[in-house]
Structures are given as C-alpha cells and as structure tokens.
Amino acid sequence: MFPDAVAHIGTGDVLGVHTRRFLMAKPLDLGQVRGSFPALSAGQIFFDNAGGTQILGTVAESIRDYLLNTNVQLGASYRVSKLATERYEQGYAAAAEYINASRDEIVIGPSTTQLFRNVSYALCFDPGDEIIVSILDHEVNIAPWVDLAARQNLVLKWWKPSTETPEDRTNPKLRPSDLGDLLSDRTRLVTCTHASNILGTIHNIKAIAKAVHDRCPKALVCVDGVAYAPHGKIDVKDLGVDLYSFSWYKVFGPHISILYISPPALSQLRSLSPSFISARTAEQKLGLNGASYELVAALAVVTAYFSEKSKWDAIAAHQETLQSALLDYLASKGDGVTVWGERSADPTIRVPTVSFTVKVEEVKELIDTFDKILATKT
C-alpha cells in the first residue's frame, strides 16, 4: 500500500574486532577526540560515515607545512629537496606498515577508482580466461573488470549471493561456498568487497581468498576495502589477498588512496610507466606520479593517530554502543521497519553503516522529519 522509504546512515568512525577486551577498554576521551577534528566545532552533525570522514587537524597542518616549507621536486641534492623526499618516504613507509605490507608492495594514487582502473590496464590474460565479479560491490570494483573482460575477450562470471531463504533476501552476503560452481582451471581474477558500503556486512575475506587460491592457484583475489577501512585494522598478509585498496579520506586523511599488490600479482602486471622508469615496485609500475607529495607525507600523521595500542579497542567499544542503540531502536518498530543486512551489532559481522526501509506515505516525509531532528541539534 505504501512505498518504502530508504534510509542509509552511518553511526561511527572506526571499528575493531568484537572480543572481551573491548568491554574492558579504557573509554574514549570524547572531548579529546572531538578536539582533534576542527570541522566538528562548526555546528554541523555529520552522517557521512559511508561517504567519508572529517580530516584530523594535525593532518591538515602537515599538508600546509609541507606546501609552505618543502614544496619542491623530490630526489635532488639540496637540503630542502632532501627533506621533502624524506617526508614523502616517511608517508609511504607509514602507509605500508599500517596494512602490514612492505614499501615495494604498495602504490599511492588519487583514488581507489583510479588504482583499480590502472590494474585493469596492467593485467594481460588470455582470451577465454575467466574473471568472477561480485554483484554486491561498489561500481569501483565492477566497472574496471567488466571493461577488462570486453577488451581481452574474457569470460565474465557474476558472483551472486544466495536468495534461498527470507533471511538471505534481506541479508545478502558473499560466501566462499557460493564460489564452487564459478571457479575453474581458467579462473584468473576474483573480485569482492570487504564490507558492503550499503549494508555494512563484513565478508570473510580470509576464507574467500583461501577458497580461491586452493582451487585456482593462478587466480588473483582483488578486494575493495573502502567501506571497511574506517572500521577495523587491516592486515593484508593475514587476509591472504593479492590486491587490496582503500581511500585515506575514509580514515581521517586526505583524498588519496592506497593499493596493496602481492608479489605474485605484481609479477603479472605490466608497467604503465614511461620506459625510462624502473619497473620493480608497485609504485614504479602503477604510480604514474599520481600521488601528491604533500598528501603522501601526511599519511604518517594519519597512521600516528592509531599508534596507541588500545586505540582501536576503545573506538570499537564506543562504536558498538552507538550501533547497538540504533539497531535495537529499529528492531523495536516491528514490521514498519526492515533492516537490510545483519541485525546484530556484533562488529565481527557488520560495520555501523546501517540501511533500512520505513513504510511512509512519501519518501520526502521521512527526509523532512530527519532534517528537522538534526536542525534541533545544531
């Protein structure tokens, strides 16, 4: 009788793993946290969780300082150039360490969209080889591979979640078991998302990567980590992936992205750089001088924010509290509200990006009501 109005909001900034230690974590000093983000003093309530985060004040200061004091060409012999190069390398090293990779295994670029597109032009498969693409992914992890299949005459297979039960239909997720009939001796690439940017569902990437590699040793596993990165610590070696990318503006940083490339994957990529540039590292093959020096240098400041050992635990505990309040409230509304994705606030299975539908006369009615509530809080 009534159309469904769709609401999609985020309830926090970062999230870790759900274990007993989070319950014992020292609470966040919210005054200190809010004081780290100048934008929060402007009187605006930000519900942009799935779209991005506000930038740390220290990161903005780092960018400004770089531009004012070390805005020169890298690699020269004079003092300022040496300092600029050192700051750039510190940013790269910090970014690599943040995801448990080596300096040579990562490349910084303008966006995850651009980095995945670069990979699609650096891969060379044989006609008839197969690639598997998830339908639950953001377009950033779909379009490059669809285009690659068309250009190289590859077989494109779609990875679709099970819809057998009512639970499956409202809580679609990517499972390794659903890959069985898709994988073959000619599978060369499997792509998926770490966490849904719409539903918040976390997929078991470690299990997916193992299933793919066990069945198809030649296949590469490519993961879009953009929606997961603000919510949990990333260890690409533990996950066992070949390609993993996310954007730093999702993690309190500037508008640039990182791409991890495993050694097996790197060996399969041709270089897109000019012939006079060595093609040994990920940056040399795919960087194309696309990373702003001042933004790369600022990554050392971003990662420093998470350097305190208990930081992730405290953030996870705080964020789970927020997520629980929202999900419990929505559940109390019965049939009038449908939560899409996991109903539990357990942070091992979902991040606090929550989508739900509400039965109302008009979609605009819900939006107007929401805006009025926010207006009273600013």
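Observations
- Test: residue in region 297-311 that is among the aliphatic types (A, V, I, L, M) and within 18 Å of the chain's Cα centre (by Cα): yes
- Among the residues of region 321-351, those identified as in contact with an Asp or Glu (Cβ under 8 Å, 6 or more places away or on another chain) and open to solvent by less than 30 Å² (accessible area, probe 1.4 Å) are Ala345, Pro347, Arg350.
- Against the test of being within 17 Å of Tyr293 (Cα to Cα), hydroxyl-bearing (Ser, Thr, Tyr) and not assigned by the TED database to the domain that holds Leu266, the options Thr85, Thr70, Thr53, Thr58 yield a single qualifying residue, Thr58.
- Residues that are among the hydrophobic types (A, V, I, L, M, F, W, C), farther than 18 Å from Pro161 by Cβ and within 19 Å of the chain's Cα centre (by Cα), drawn from region 338-361: Val354
- Residue match in region 329-342 (condition: over 24 Å from Asn204 (Cβ atoms), of a type in the set (S, T, N, Q), in contact (Cβ under 8 Å) with a residue 60 or more places away in the chain and not in a loop (DSSP other than H, G, I, E, B)): yes
- Region 239-267 residues that are over 15 Å from Val119 (Cα atoms), paired with ones that are polar (S, T, N, Q) and assigned to a helix (DSSP H, G or I) (beta carbon under 7 Å, 6 or more apart): Ser247/Thr112
- Single match in Leu156, Leu183, Leu123 (criterion: touching a Cys at 6+ places or on another chain (Cβ under 7 Å) and at pLDDT 95 or above): Leu183
For (1) of a type outside the set (A, V, I, L, M, F, W, C); (2) open to solvent by less than 30 Å² (accessible area, probe 1.4 Å); (3) more than 21 Å from Ser102 (Cβ to Cβ), each residue gets a yes or a no:
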| position | (1), (2), (3) |
| --- | --- |
| Ser273 | yes, yes, no |
| Phe276 | no, no, yes |
| Gln284 | yes, no, no |
| Gly287 | yes, yes, no |
| Glu294 | yes, no, yes |
| Leu299 | no, yes, no |
| Ala304 | no, no, no |
| Lys309 | yes, no, yes |
| Trp312 | no, yes, yes |
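- Leu322 touching a strand residue (DSSP E or B) at 6+ places or on another chain (Cβ under 6 Å) and either assigned to a helix (DSSP H, G or I) or modelled with pLDDT under 90 (or both): no
The values are calculated or read from the model by the stated rules, or taken from the named source; none is laboratory data. All values derive from a computational prediction rather than experimental measurement. Neighbour counts run over all protein chains shown; Cβ positions are idealised from the backbone, glycine included. To get the accessible areas, we keep the full protein, side chains included, count just its heavy atoms, and leave off ligands, DNA and RNA. Shrake-Rupley method; radii C 1.70, N 1.55, O 1.52, S 1.80 Å.
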